[in-house]
Amino acid sequence: MGIRTEDTHPEEVRGTFSLLLYSGSHGEGLGRIAFLDSEEDRHPFEMYAPAFEYSIIKGIPGPEALARAEGFVGRHNAFSRSQLSKITDEYGRTLGFEVRPLYLPLVYGSADVLWVHYRQEGNRVIIRVQLIPSIERLSFQ
């Protein structure tokens with residue numbers, strides 16, 4: 001079963017977080033995504049990406065982390081709204097949150113352009129982010 005995500009509400013974002021801001025290497029800010037890693041558990045998030053593609057800000061209260069994440073992912077001309085999901089382990093414990101951008105479907109053919117994979121290695125949660133293949137092909141034309 002492993003790590004999974006499910007839709008949630010902003011009221012669930014409580015505690016202190018490390019904010020991981022992934023910008024990727026795609027032009028115009030396409031594919032930005034943010035992760036709120038709970039600092040109150042023993043499961044640190046790590047990006048499977050070069051260090052220049054993301055930044056980490058530690059010690060941010062939940063509401064502030066969420067506001068900063070939403071502002072970060074919203075910086076694209078085709079941005080429509082953000083989607084908040086909680087990230088849980090195989091026992092249903094919340095490890096953190098994902099703030100995913102959704103775009104105007106008219107522009108890319110789909111609101112969601114990202115493929116995000118979570119993998120647990122020991123206590124660490126490894127996060128890999130890619131554009132979905134059809135969008136990846138568009139970005140190089």
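Relative contact order of the chain, please, whole-number percent, based on alpha carbon pairs below 8 angstrom and at least 6 residues apart.
29
Round to a whole number: what % of the accessible area of the chain belongs to carbon and sulfur, probe 1.4 Å?
Values: 3770 of 7530 Å².
The computed percentage sits at 50.
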Please name which of 114, 25, 10 has its Cα lying farthest along the dipole of the chain towards the positive end, using unit charges on Cβ (Lys, Arg +1; Asp, Glu -1) and the Cα centre as origin.
25
Say each of residue 67 and residue 136 gets a label point 7 Å from the Cα, pointing the same way as Cα to Cβ; how far apart are those two points in nm?
3.7
How long are the three semi-axes of the equivalent ellipsoid for the chain, computed from the Cα gyration tensor as the root of 5 times each eigenvalue, in whole Å, largest first?
24, 16, 14
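To the nearest 500 deg cm²/dmol, what mean residue ellipticity at 222 nm is calculated for the chain from DSSP H runs of n ≥ 4 alone, each contributing -39,500 (n - 2.57), summed and divided by the residues?
-4500 deg cm²/dmol
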Computed accessible area, residue 53, all protein chains, 1.4 angstrom probe, square angstrom
20
With θ set to phi - 60° and the Karplus curve 6.51 cos²θ - 1.76 cosθ + 1.60, what are the ³J(HN,Hα) couplings of the range 11-18 in order, to the nearest whole Hz, using x for Gly and Pro?
4, 7, 7, 10, x, 10, 10, 9
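Starting from the range 58-141, pick out the trypsin sites (Lys or Arg not before Pro) whose DSSP state is loop and whose Cβ has at most 15 other Cβ atoms within 10 Å.
Working: sites: 58, 68, 75, 81, 86, 93, 119, 124, 128, 137; in loops: 75, 93.
Loop-located and lightly packed - 75, 93.
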Roughly how tilted is helix 62-73, in degrees to the nearest 10 and between 0 and 90, from the longest Cα axis of the chain?
20
Please identify the longest segment of the chain free of exposed chymotrypsin sites (Phe, Trp or Tyr not before Pro), where exposed means a DSSP state other than H, G, I, E or B and no more than 14 other Cβ atoms within 10 Å.
92-139
In Å², rounded to a whole number, the accessible area per residue of the range 9-77 with probe 1.4 Å is 52
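The values are calculated or read from the model by the stated rules, or taken from the named source; none is laboratory data. As the structure is a prediction and not an experimental result, all values here were calculated from the model. Neighbour counts are summed over all protein chains in view; Cβ atoms, including those assigned to glycine, are modelled from backbone coordinates with ideal geometry. Side chains are part of the model used for accessible areas, which takes the heavy atoms of the whole protein and leaves out ligands, DNA and RNA. Shrake-Rupley method; radii C 1.70, N 1.55, O 1.52, S 1.80 Å.
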